[in-house]
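Report on the following structure.
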Amino acid sequence: MTQRRFIFLLVPALALAACGRAEPGDISQESPRPSRADAPAAVPGSAPAAAGTEAGAAVEAGESAAAAPGAQPRQGQPQTPGAAGAASQSAAPSAADAANADEILRRVEQAYSGMRSLEADFVQHLSVPLLGSSQRSEGKLYQRRPDRFLMRFTDPAGDVIVADGRHFWMYQPSADRTQVLRSAMGQGGMQVDLQQEFLSNPTQRYVATLVGTETVDDRRADVLTLVPRGRSQYRLIRIWVNRNDSLVRRFEMTEENETVRRLEFRNMRRNVDLPDSLFQFTPPAGTRVFDQ
């Protein structure tokens with residue numbers, strides 16, 4: 001079976017829609033097309049296409065090419081991230097549950113409307129039943145609205161996803177040290193605000209139900225299911241909302257093909273000072289940049 005690597009976040013982006021083009025003048029030479037075995041797959045909301053697709057072009061920053069950020073897949077029977085939700089204290093949904101869910105979503109929207117930056121530890125899980133695989137990764141996340149984003153992985157160590165205000169970068173030395181993926185930001189390009197993606201006008205966009213409570217990051221959280229009212233790549237979204245500050249401590253997205261992506265935050269800090277230098281990325285020597 002062809003090995004495929006996945007980038008899974010939000011991110012969170014995490015919900016990162018890629019429609020960027022290679023920038024004229026940046027391309028020094030055409031580069032060999034990476035094999036399908038090295039092609040990255042989508043993140044929530046669709047990440048940049050694999051390097052070497054028809055839209056891709058290579059910029060010489062060093063030598064050759066390979067894959068995209070994300071953890072190494074562990075083959076075998078996947079453990080669906082959503083299974084832990086079975087422990088929720090839940091009952092049959094009622095009209096009161098729906099009303100409570102909408103009120104919780106309004107508090108969530110209000111909490112995020114006043115947030116200008118975020119720092120947190122994260123753990124990501126991806127379960128792909130069709131491939132019989134599951135993945136896990138973790139690290140540190142930094143976000144500064146409107147257009148700065150950083151996921152610095154500690155497992156796999158050295159992997160990084162960065163939005164610097166102009167470009168969205170992905171570098172995965174754990175898979176191949178020679179390739180960097182880059183996509184343009186702005187209109188028609190990358191978006192890096194996970195909360196905006198899922199929590200903007202939530203009561204208009206989703207049918208919400210309060211299904212129970214759980215403990216996340218040592219705090220009680222209300223568990224809500226969100227069913228999109230319109231077209232979406234997700235058939236179901238679940239969020240765990242902290243009762244004290246109304247911040248979402250965990251996102252879980254289930255796609256039509258039963259792929260489940262989960263992103264959990266711990267040690268969250270809001271409105272911290274995050275300098276521009278934190279979000280700068282320079283392709284390492286010996287790498288080649290692929291514009292998407």
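At-a-glance table
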read-out	value
Criterion: in contact with a strand residue (DSSP E or B) (Cβ under 9 Å, 6 or more places away or on another chain), among the β-branched types (Val, Ile, Thr) and within 20 Å of GLU119 (Cα to Cα) - qualifying residue of VAL207, VAL241, VAL211, VAL227	VAL241
Residue identified as at pLDDT 65 or above and in a helix (DSSP H, G or I) among ALA86, ALA111	ALA111
Matching residues in region 238-262 - criterion: being farther than 24 Å from ASN100 by Cα, surrounded by 14 or more Cβ atoms within 10 Å (Cβ to Cβ) and out of contact with any helix residue (DSSP H, G or I) (no Cβ under 8 Å at 6 or more places or on another chain)	GLU255, GLU258, THR259
Flag for GLU258 being under 16 Å from THR209 (Cα atoms) and acidic (Asp, Glu)	no
All positions within region 124-154 that are in a strand (DSSP E or B) and farther than 18 Å from PHE279 by Cα	GLN124, HIS125, LEU126, SER127, VAL128, SER133, SER134, GLN135, ARG136, SER137, GLU138
Flag if ASP222 is within 24 Å of GLU138 (Cα to Cα), of a type outside the set (Lys, Arg) and modelled with pLDDT under 95	no
Candidate set: region 155-178, residues that are in a strand (DSSP E or B) and touching a helix residue (DSSP H, G or I) at 6+ places or on another chain (Cβ under 8 Å); chosen: the one surrounded by the most Cβ atoms within 10 Å (Cβ to Cβ)	ALA163
Residues within region 202-247 that are closer than 25 Å to ASN267 by Cβ and among the basic types (Lys, Arg), tallied	4
Qualifying positions in region 114-139 - touching an Asp or Glu at 6+ places or on another chain (Cβ under 6 Å) and exposed (fewer than 15 other Cβ atoms within 10 Å of the Cβ)	PRO129
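The values are calculated or read from the model by the stated rules, or taken from the named source; none is laboratory data. Please read all numbers here as calculations on a predicted model, not as lab measurements. Because the Cβ atoms are built from the backbone with ideal geometry, glycine has one as well, and the counts that use them run over all protein chains shown.
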